Amino acid sequence: MTPDNPQPSNFELDGNGILKPSDAKRRRDMLQWAIQGGVMTLTLEVVQAIGTPRVQMEYKSQATQEQEATTAIENGGKLEPWYFAKDMRDASVRIVNFNSTLNTAEMLAGAFTGTAIGGYLLNYHPAIVNRFIGVASMATGRTLDIISTAMAAIEIADPRFTEYRLGPYFFEQSPTLSAHPSVIDLLTQNSLISIILLGSGFAAPTLGRFYLGISPALFENNHEVAKVVGIALQLGDEVKKMIQAGKKPDEIKDFLLHAELKKTEVPQQNPDSDSN
């Protein structure tokens, strides 16, 4: 830069004579990325709050199944383990101590970090660098998502999952997959979507960073769901044993209400208790 060729107001020379963005431009760029990150994070929050059509449908299925179970219990007759599916779900969530609210907060924080902070830090790098980082971010996020979803899919594939009718309580929210996908489904149904996502990471690097930002929370959520489903299946086994032992609905519900991970066996009645 020379006096005859003045430098743009958005840039200035540092002590080494290298042209750098001015402090004013950095502040404007930071605000711009903060707004963009806020918009994408707010959009994610709205989707989380409203839920996809599948979520709404499964919630209706939950209500219908719970009403059927309540009616069946009130009418008497032979008990079935699925009558207590909701109690199994509630107990397993309590045992794992999974905090969905905290997980959502982590996801929103990741969305903002990947979009706003990541965008600002890469703002002054060459476009091609930004694009390749977008692809790499998308690939990493996608891999974490698929691996963790596979963990849950393995548990859901257990025949007891259908027997105990846990489907309405544990399901895949993504519209690109079936409600209860198998590991094979993840590899086949997701192949085209994965290619499209990688392309979008290159075309719009912000999307790649966004996906990478939320992927740790997605991984944690799917991993915790896998553990919750596994414990729910164990509890279902115990409920089946209690039914076979002639336990009443209130006894089964009380067991599930207080069940612990290391204490899920059917409470045994003391044979001498009636002699007192």
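The values are calculated or read from the model by the stated rules, or taken from the named source; none is laboratory data. Every value quoted in this text rests on a predicted model; they were computed, and no experiment measured them. Methodologically, a virtual Cβ is constructed for each residue, glycine included, from the backbone with ideal geometry; neighbour enumeration extends over all protein chains shown.
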For the stretch 40-65, enumerate the residues that are at pLDDT below 85, surrounded by fewer than 16 Cβ atoms within 10 Å (Cβ to Cβ), under 20 Å from SER178 (Cβ atoms) and not β-branched (Val, Ile, Thr). GLY51, PRO53, GLN56
Apart from one, (1) more than 26 Å from PHE84 (Cα to Cα); (2) modelled with pLDDT of 95 or more; (3) of a type outside the set (A, V, I, L, M, F, W, C) all hold for GLY167; the odd one out is (1)
When you go through (1) buried (at least 17 other Cβ atoms within 10 Å of the Cβ); (2) modelled with pLDDT of 95 or more; (3) in contact with a helix residue (DSSP H, G or I) (Cβ under 6 Å, 6 or more places away or on another chain); (4) within 30 Å of LYS253 (Cα to Cα) one by one for VAL135, which number turns out not to apply? (4)
Which members of the stretch 151-168 meet the condition of being in contact with a Gly (Cβ under 6 Å, 6 or more places away or on another chain) and part of a loop (DSSP other than H, G, I, E, B)? TYR164
Can you find, within the stretch 173-186, the residue that is nearest to ALA232 (Cα to Cα) among those that are touching a residue at least 40 places away in the same chain (Cβ under 8 Å) and not polar (S, T, N, Q)? ALA179
Here are some residues: GLY118, GLY77. Which one is among the small types (Gly, Ala, Ser) and touching a residue at least 24 places away in the same chain (Cβ under 8 Å)? GLY118
Is there a residue in the stretch 121-130 that is in contact (Cβ under 8 Å) with a residue 60 or more places away in the chain, part of a helix (DSSP H, G or I), closer than 24 Å to SER194 by Cα and out of contact with any Phe, Trp or Tyr (no Cβ under 9 Å at 6 or more places or on another chain)? yes
Tell me, which residue of the stretch 107-154 that is closer than 12 Å to LEU207 by Cα and charged (D, E, K, R) is farthest from the chain's Cα centre (by Cα)? ARG131
